[in-house]
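Contents: one structure, followed by commentary.
All of the numbers you see were taken from the coordinates with simple rules; none came from a lab. Computed from a predicted model, the values in this text were never measured in an experiment. Heads up, the Cβs are rebuilt from the backbone with ideal geometry, glycines too, and the neighbour counts pull from every protein chain shown.
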Ligand code: PMP
């Protein structure tokens, strides 16, 4: 019977998915100095470990799907109402959920490039069209060019500030001028994953909560993965107008922020001042590492995040693989440059020593 042999047994998967690469995180190996994912070097505070241990006793039950206590604590700290806050399974899920909530086939999602890898991948998974606007010569967002790139199909814009992977920030006035040019129907995600590491000068300084109050279409994204040291638990949050937050709740994967993550995030907020003090080391170390590498002739833009960008062009992959041979894992972006996490002096010294050797090779 030929009809049987004609049956296609391949599972039916959307054909366009095969051209979308899976997200590939920084690789590491035992004993390596891992500087590829912008994590903090410290293990959790005792109070946070205790909260995680206590929550472990309850994992036979589903977590609070409304994430009520964490949402209310965040809202109180930020001076907003709980209906202006949505917690997510890492801010990466909030990026994805904003795309799902705003965009589908035929719609455009606009962002700078190079920027956070999830923006183009998640846009394509949603069947929408990524529109990438090259960074300016100083590797910061070219906001006037991004405003020029808005069309009547633009549904969502990501502004990553500080930008991953270049660490650069925009000027506050340029940001306001940009927001004034964005139609109010277009959501602007101000991705502040590295917010706690910023030390803005007068020209760079803005208050994201103020922007949220002034522009209904602005959604601010933050995370517990970086300065709060909870990358392994996956918890981030969005602050925005209740209409956008309501949409995020509708597309939220039920129970995707687990009970350990919720309790650890609440405990971390109680210990915020102790955790945020640690950012001071990173802030002074990034200036030291930047200066040292520039002295050797590397091109390193000013960073406001817990990493630096080294512009290496065609030498990127060689630098990264030689670094692995030296026991250091950095994050290469082929043909462009490497991103190196800044942590404590003893690890940063290894980076400086490796970079010095490599520059003399
Ligand atoms: N936004 C930016 C700019 C990032 O760099 C990251 C982490 N790499 C995220 C969002 C997502 O972080 P998380 O999901 O851990 O909150």
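Hey, among 219, 253, 188, which residue is within 15 Å of the ligand (Cβ to nearest atom) and in a loop (DSSP other than H, G, I, E, B)?
Just one listed residue meets the conditions, 253.
Could you tell me which residue of the stretch 100-154 is surrounded by the most Cβ atoms within 10 Å (Cβ to Cβ), considering only residues that are free of Cβ contacts under 8 Å to residues at least 12 places away in the same chain and outside any helix (DSSP H, G or I)? Steps first, please.
Restricting attention to the stretch 100-154, the residues satisfying the condition of being free of Cβ contacts under 8 Å to residues at least 12 places away in the same chain are 136-137, 148, 152.
From the residues that got through so far, the ones that are outside any helix (DSSP H, G or I) too are 136-137, 152.
On the way: 136: 15, 137: 7, 152: 8.
So the residue we want is 136.
Considering each residue of the stretch 74-96, count those that are over 14 Å from the mean Cα position of the chain (by Cα) and either surrounded by 17 or more Cβ atoms within 10 Å (Cβ to Cβ) or within 16 Å of the ligand (Cβ to nearest atom) (or both), and give that number.
Step one: list which residues in the stretch 74-96 are over 14 Å from the mean Cα position of the chain (by Cα), which gives 74-87.
Then drop every residue that is not either surrounded by 17 or more Cβ atoms within 10 Å (Cβ to Cβ) or within 16 Å of the ligand (Cβ to nearest atom) (or both), which leaves 74-75, 78, 80, 82, 84-87.
Residues meeting the conditions: 9.
Checking residue 32 against (1) within 16 Å of the ligand (Cβ to nearest atom); (2) in contact with a strand residue (DSSP E or B) (Cβ under 6 Å, 6 or more places away or on another chain), only one condition comes out false. Which one?
If we test residue 32 against (1) within 16 Å of the ligand (Cβ to nearest atom); (2) in contact with a strand residue (DSSP E or B) (Cβ under 6 Å, 6 or more places away or on another chain), just (1) comes out false.
Need pairs with beta-carbon distance below 6 Å; first residue over 19 Å from residue 25 (Cβ atoms) and within the stretch 211-233, second assigned to a loop (DSSP other than H, G, I, E, B) and more than 9 Å from the ligand (Cβ to nearest atom); sequence gap 6+ or separate chains.
Note: pairs meeting the criteria are 216/241; 217/184; 219/240.
Considering only the stretch 331-354, state which residues are outside any loop (DSSP other than H, G, I, E, B) and touching a strand residue (DSSP E or B) at 6+ places or on another chain (Cβ under 8 Å). Spell out how you get there, then give the answer.
Let us first name the residues in the stretch 331-354 that are outside any loop (DSSP other than H, G, I, E, B), namely 331-333, 337-341, 345-354.
Passing the criteria: 331, 332, 333, 337, 338, 339, 340, 341, 347, 350, 351, 354.
To keep it simple, each residue is scored yes or no on (1) within 14 Å of the ligand (Cβ to nearest atom); (2) in contact with a strand residue (DSSP E or B) (Cβ under 7 Å, 6 or more places away or on another chain); (3) closer than 21 Å to residue 160 by Cβ.
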position	(1), (2), (3)
234	yes, no, yes
237	yes, yes, yes
245	no, yes, yes
248	no, yes, yes
271	no, no, no
278	no, no, no
281	no, no, no
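Considering only the stretch 161-185, state which residues are outside any helix (DSSP H, G or I) and away from the ligand (no atom under 16 Å from the Cβ).
Step one: of the stretch 161-185, the residues outside any helix (DSSP H, G or I) are 161-171, 182-185.
Answer for the stretch 161-185, where residues must be outside any helix (DSSP H, G or I) and away from the ligand (no atom under 16 Å from the Cβ): 171, 182, 183, 184, 185.
So residue 239 passes all but one of these: (1) farther than 30 Å from residue 34 by Cα; (2) surrounded by fewer than 18 Cβ atoms within 10 Å (Cβ to Cβ); (3) under 19 Å from the mean Cα position of the chain (by Cα). Which condition number does it fail?
Against the list (1) farther than 30 Å from residue 34 by Cα; (2) surrounded by fewer than 18 Cβ atoms within 10 Å (Cβ to Cβ); (3) under 19 Å from the mean Cα position of the chain (by Cα), residue 239 comes up short only on (2).
If the requirement is being without any contact (Cβ under 8 Å) to a residue 24 or more places away in the chain and either surrounded by fewer than 16 Cβ atoms within 10 Å (Cβ to Cβ) or closer than 21 Å to residue 27 by Cα (or both), which of these qualifies: 345, 320?
Step by step, each of 345, 320 is checked, and only 320 is without any contact (Cβ under 8 Å) to a residue 24 or more places away in the chain and either surrounded by fewer than 16 Cβ atoms within 10 Å (Cβ to Cβ) or closer than 21 Å to residue 27 by Cα (or both).
Among the residues of the stretch 17-31, is any under 25 Å from the mean Cα position of the chain (by Cα), surrounded by 15 or more Cβ atoms within 10 Å (Cβ to Cβ) and outside any loop (DSSP other than H, G, I, E, B)?
no
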